[in-house]
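Below: the structure, in structure tokens.
The values are calculated or read from the model by the stated rules, or taken from the named source; none is laboratory data. The model shown is predicted, which means the values in this text are computed figures rather than measured ones. Cβ coordinates were reconstructed from backbone atoms using ideal geometry, including for glycine residues, and neighbour counts include every protein chain displayed.
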Amino acid sequence: DRPVRIYADGVYDLFHFGHALQLRQAKLAFPAAAPGVHLLVGVVSDEMCTAHKNMPVMSHAERCEAVRHCRWVDEVVPDAPWIVDEAFLQKHQIDYVAHDEDPYVSAGYDDVYGYCKQQGKFIPTRRTPGISTSDLLERIVSRYRMRVFDKKLARMGHADLMAEGSDYDGSAPASVRASRAASPGPGAPR
């Protein structure tokens, strides 16, 4: 007897508790299985992310390390394919694929998990409300635009990265303040 081999995949950019909870669902999908579940987690490459979604914030190596250190993960599969097919399932001896249930449309596919669903090898997982990589990026950009990070950026020696037009306490170097004063921001009347 061998463990049930379950595969989950994704970008896992800015790895957060929603990712961890999805992997937990996959790991605990067969609580009575003896000798248990072996969870393989595929992390798609930077090139694959950029081609199909957006360029990730974290590098492929960083995303693999973040996933590797999640307590539910037994094995990381770097450079995971965008489409899971029979050859991939056989190569890794995968019994089931876990992902949220919504069809995942991609060029030429109504659902990249369609094959697994048709074969009865799909385990639906639930997304965690209120947390996603997109949500985190939205919060970061919004707070940057509200100049929440200006003080920290100045302390770190990156006053040049402060929000456009920001000079929260005059701590920006004189050359940076002069440069900002001389060149109006985007959309400013000229």
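Residue by residue through the stretch 20-44, note down the ones that are surrounded by fewer than 20 Cβ atoms within 10 Å (Cβ to Cβ) and touching a residue at least 60 places away in the same chain (Cβ under 8 Å). Within the stretch 20-44, L21, Q25, A29 qualify.
Report yes if V73 is among the β-branched types (V, I, T) and either touching a residue at least 40 places away in the same chain (Cβ under 8 Å) or on the phi > 0 side of the Ramachandran plot (or both), otherwise no. Please lay out each step first, then the result.
On the way: among the β-branched types (V, I, T): yes; either touching a residue at least 40 places away in the same chain (Cβ under 8 Å) or on the phi > 0 side of the Ramachandran plot (or both): yes.
When the stated conditions are applied, V73 passes them.
Among the residues of the stretch 45-71, those that are touching a Ser or Thr at 6+ places or on another chain (Cβ under 9 Å), in a helix (DSSP H, G or I) and either buried (at least 16 other Cβ atoms within 10 Å of the Cβ) or aromatic (F, W, Y) (or both) comprise D46, H60.
Within the stretch 94-127, if we keep just the residues that are surrounded by 12 or more Cβ atoms within 10 Å (Cβ to Cβ), at pLDDT below 95 and acidic (D, E), the residue that is farthest from A26 (Cα to Cα) turns out to be D111. Contact map, the stretch 140-168: first residue within 24 Å of D13 (Cα to Cα) and exposed (fewer than 14 other Cβ atoms within 10 Å of the Cβ), second residue at pLDDT below 90 and hydrophobic (A, V, I, L, M, F, W, C), Cβ cut-off under 7 Å, separation 6 or more or different chains; pairs are R145/A163.
Looking at D79, is it in the same structural domain as H16 (by TED's automatic domain parsing), over 30 Å from S59 (Cβ atoms) and either at pLDDT below 95 or within 27 Å of the chain's Cα centre (by Cα) (or both)? No; evaluated as a whole, the condition is false for this residue.
The single condition among (1) touching a strand residue (DSSP E or B) at 6+ places or on another chain (Cβ under 7 Å); (2) of a type in the set (A, V, I, L, M, F, W, C); (3) part of a helix (DSSP H, G or I) that I140 does not satisfy is (1).
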